[in-house]
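Structure first, commentary second.
The values are calculated or read from the model by the stated rules, or taken from the named source; none is laboratory data. Note that the structure is predicted; figures quoted are calculated from it, not measured. Here Cβ is always computed from backbone atoms with ideal geometry, including for glycine, and neighbour counts include all displayed protein chains. Heads up: the accessible areas ignore ligands, DNA and RNA and are worked out on the full protein's heavy atoms, side chains in. Shrake-Rupley method; radii C 1.70, N 1.55, O 1.52, S 1.80 Å.
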Amino acid sequence: MTGSETRAAVEWLTSVAPDPGACRWEWERNPQGIALLPAGKRWDVLILPGELGYSTLDVLTRLIDRPGPVLADFGESRMGFFVPPGTASRWLGTGIRGAGPGTWIVVPHPGRAAGGVRWLIPPDGSGTLTDAGLLELAMHEAAGAAASRHDRGGGRPPEARDGHEEG
């Protein structure tokens, strides 16, 4: 990201903070490099399990040039896709959590690595979000591909493919 893109992303993110100055201060001075920001104002976040999230992001980036911001935890166990406000309250999906009004998201500074969470696709400052319908299509394609791999034996350990159960 360029300096101006980072500044625009910082302004966009901190615009939802109860105290934007305190948010910027937290990013600058906290060794973790994170701040808590409220969801539901400019964006909601759909949180996917890591494996599905990465496959979904692969599909999504084939469909469009630039999806909205995407966060991942460093354990790779979860990914958060920034979607339009109101999406979380309407979302019906097994294993997918929604963060909307009344929830807070751990957000790293858009121009730096931070403790615990990182940007896979940082915000660009323009307000670009991932369309929920497109995200759902990408999730279905990713889940279908994973199921197909699993059916061919690609998703199970060799012992399970040989008829022996892991245990």
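Report yes if residue 59 is farther than 15 Å from residue 122 by Cα, open to solvent by less than 50 Å² (accessible area, probe 1.4 Å) and not in a helix (DSSP H, G or I), otherwise no. Give the steps one after another, and end with the answer.
Details: farther than 15 Å from residue 122 by Cα: yes; open to solvent by less than 50 Å² (accessible area, probe 1.4 Å): yes; not in a helix (DSSP H, G or I): no.
Taking the combined requirement at face value, the residue does not satisfy it.
For the stretch 1-11, which positions are crowded, with 17+ Cβ neighbours inside 10 Å and either at pLDDT 95 or above or of a type in the set (A, V, I, L, M) (or both)? Reasoning before the result, please.
If we filter the stretch 1-11 for residues that are crowded, with 17+ Cβ neighbours inside 10 Å, which is where we start, we get 6, 8-10.
Across the stretch 1-11, the qualifying residues are 8, 9, 10.
Look at the stretch 18-50 and say how many of its residues are surrounded by 13 or more Cβ atoms within 10 Å (Cβ to Cβ), at pLDDT 90 or above and part of a helix (DSSP H, G or I).
So the answer is 3.
Only one residue in 76, 141 is on the phi > 0 side of the Ramachandran plot and not small (Gly, Ala, Ser), so which one is that?
Numbers: 141 fails: on the phi > 0 side of the Ramachandran plot.
Among 76, 141, only 76 is on the phi > 0 side of the Ramachandran plot and not small (Gly, Ala, Ser).
Looking only at residues in the stretch 67-115 that are among the basic types (Lys, Arg) and either in a strand (DSSP E or B) or at pLDDT 90 or above (or both), which one is least open to solvent (accessible area, probe 1.4 Å)? If you could, list the steps in order and put the result at the bottom.
Quick first cut of the stretch 67-115, residues among the basic types (Lys, Arg) only: 78, 90, 97, 112.
Still in the running and either in a strand (DSSP E or B) or at pLDDT 90 or above (or both): 78, 90, 97.
Working: 78: 112, 90: 163, 97: 136 Å².
It comes out as 78.
I'd like the full set of residues that are β-branched (Val, Ile, Thr) and in contact with a Pro (Cβ under 8 Å, 6 or more places away or on another chain), limited to the stretch 53-89.
We begin by selecting, within the stretch 53-89, every residue β-branched (Val, Ile, Thr); these are 56, 59, 61, 64, 70, 83, 87.
Matches in the stretch 53-89: 61 only.
Which residue pairs have Cβ atoms closer than 7 Å, lie 6 or more positions apart in sequence or on different chains, and pair a first residue in the stretch 81-94 that is farther than 17 Å from residue 121 by Cβ and without any contact (Cβ under 8 Å) to a residue 60 or more places away in the chain with a second residue that is open to solvent by 100 Å² or more (accessible area, probe 1.4 Å) and of a type in the set (Val, Ile, Thr)?
none
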